[in-house]
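Participant: First the structure, then my questions, so here it is.
Readers should treat all values here as calculations from the given coordinates under stated rules, not as data from a laboratory. These numbers come from a predicted model, not from an experiment. Every residue, glycine among them, receives a Cβ derived from its backbone with ideal geometry; neighbour counts consider all protein chains shown.
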Amino acid sequence: MRRRFLLSFFVFTVLVLVGLELPLGTVYRQRERQTVIDGLERDATAVSAIALDDLEHGDLASLRTFSDRFGGHEGEGVTIFDNAGRVLVAVGRTPSGAIRSDLSAELRRALAGAKPSGIVHRPGPDLLYVASPIGTGRSALGVTVIAAPTSDLEQRIQRNWVQLGVVGVVVLAASIGLALLLARSLLRPLSELEDAVAGLQAGDLDTRAATSGPPELASVLRRFNTMADRLQELVEAQQAFVADASHQLRTPLTALRLRLETLDSDAAAADHVEVEAAIAEAHRLSRLVDGLLALAKVEASKPARSAIDVSAVVDDRVQAWAPLAEEHGVTLRSRAPQSLRALAVPGFMEQALDNLIDNALEVSPDGSAVEISVRPTASWVEIHVVDEGPGLSPAERDRAFDRFWRQDSSVRAQGTGLGLSIVRQLVRVSGGEVELLAGHRGAGLDAVVRLEPSPARTSRVLDDQDLAVP
């Protein structure tokens with residue numbers, strides 16, 4: 001927007017300067033030329049008045065002497081013709097040849113009583129001339145032509161154009177400076193508002209815009225800050241409610257589970273199945289409360305990102321989950337290049353991988369494998385958690401990140417429906433994204449976590465064959 005504003009201001013100023021300076025330069029040129037013509041006309045009239053007396057007395061010697069003296073004093077060329085077009089006197093720079101040939105019509109007009117003027121183009125500087133009749137009417141004895149080079153005139157006109165150009169450049173520079181000041185005062189509040197909106201979009205609810213600039217923009221910024229305050233209050237109230245409710249429910253749930261376990265030891269055989277079912281539901285409810293509390297903590301957090309070693313995190317989580325995977329009869333392996341770094345919140349990727357590995361182990365049949373691989377791409381560092389379970393349909397993969405959503409299958413019936421929601425929030429806070437894809441060869445599920453690569457990452461570049469999951 002700043003560029004469009006400055007460009008519009010620049011084009012408008014240029015158009016105004018061209019619209020003003022071109023007419024000014026043209027008028028100045030016409031005025032200077034007319035001034036020179038008026039001066040030549042006065043001189044030609046004066047010379048014609050003196051030449052009339054000399055021609056009436058046939059004193060050509062006196063006429064030549066006067067013409068030499070006049071031409072040397074004024075720096076002009078003097079040419080005197082008789083009424084037959086013959087040159088009687090030619091002093092200084094004269095267009096006599098051109099007058100006799102190309103400008104013979106102008107000579108006839110002068111003999112008729114007019115005072116024509118024009119420019120004669122010749123090698124060297126052009127000549128500007130004025131012709132004046134010697135005498136009046138049919139009694140005109142000849143024509144006096146006074147000529148002057150146009151070099152001085154053209155120099156004055158050129159200096160005027162240069163001055164107009166300098167003035168135009170100064171005005172243009174001043175207008176650009178003014179446009180920059182206006183753009184700064186008008187667009188800086190909008191830029192600050194854009195930054196504040198980006199901060200809110202990124203989840204920073206403390207972001208506010210400085211209320212500066214013109215009154216209209218300041219009013220918009222104040223309204224935005226009021227909206228941000230209200231939004232922060234609502235979000236914080238929601239997060240506080242979820243955290244408080246989850247925290248307060250943990251104690252009675254623990255007590256309820258203990259009472260049910262005590263009751264189970266004393267229950268009759270007929271009631272044992274029902275008590276066991278109640279204990280299982282209490283355990284699931286406890287996990288649900290723990291999940292809500294963990295999700296509320298993640299949503300309320302605003303930690304800073306830093307560069308983490310993704311390969312090291314993956315290897316660490318594989319080693320931690322390997323014993324449990326062995327108990328399930330599942331092979332857990334990793335495939336990651338060394339020292340592949342990405343930007344994330346420290347500790348968040350460990351939690352996200354724990355949830356993804358836990359889900360993968362729950363659905364993996366005996367004798368299958370779960371593979372965790374790290375793949376660098378042009379825009380991301382990708383972590384793939386691939387299992388060989390029953391997988392999900394495209395519609396189910398789209399809904400899997402919704403809170404409390406569970407697949408209508410006994411395989412996942414014991415889950416709380418919060419694990420993938422927590423994973424998505426952990427990855428989002430870290431500036432990445434997560435997606436569920438179909439597993440290789442149409443079986444299982446491929447959970448992909450994408451993180452922004454660290455600018456200072458150092459990694460061994462592997463081709464697609466090296467990173468392929470069998």
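Participant: Could you work out the local net charge near ALA51, counting Lys and Arg as +1, Asp and Glu as -1, over the other residues with Cβ closer than 11 Å to its Cβ?
Facilitator: So the environment of ALA51 carries a net charge of -4.
Participant: Right, another one. With θ set to phi - 60°, apply the Karplus curve 6.51 cos²θ - 1.76 cosθ + 1.60 along the stretch 121-129 and write out the HN-Hα couplings as whole Hz, x wherever there is a Gly or Pro.
Facilitator: 8, 8, x, x, x, 5, 10, 9, 10
Participant: From the backbone phi of the stretch 209-225, what are the Karplus-calculated ³J(HN,Hα) couplings (6.51 cos²θ - 1.76 cosθ + 1.60, θ = phi - 60°) in whole Hz, Gly and Pro given as x?
Facilitator: Couplings: 9, 5, 7, 10, x, x, x, 5, 5, 4, 5, 4, 5, 5, 5, 4, 4 Hz.
Participant: In what sequence do VAL27, VAL235 fall when counting other Cβ within 10 Å, fewest first?
Facilitator: Exposure proxy ranking, most exposed first: VAL27, VAL235.
Participant: LEU88's amide H: which non-local residues (gap 5+, or another chain) put their own amide H closer than 5 Å, with H modeled 1.01 Å from N in plane and none for Pro or chain starts?
Facilitator: It is ILE80, PHE81, ASP82, by chain and number.
Participant: Whose amide H sits under 5 Å from the amide H of SER334, counting only residues 5 or more places off or on another chain, with H placed in the peptide plane?
Facilitator: It is ILE372, by chain and number.
Participant: Arranged by the count of other C-beta atoms within 10 angstrom, fewest first, what order do ILE176, ILE157, ILE80 take?
Facilitator: Going from sparsest to densest Cβ surroundings: ILE176, ILE157, ILE80.
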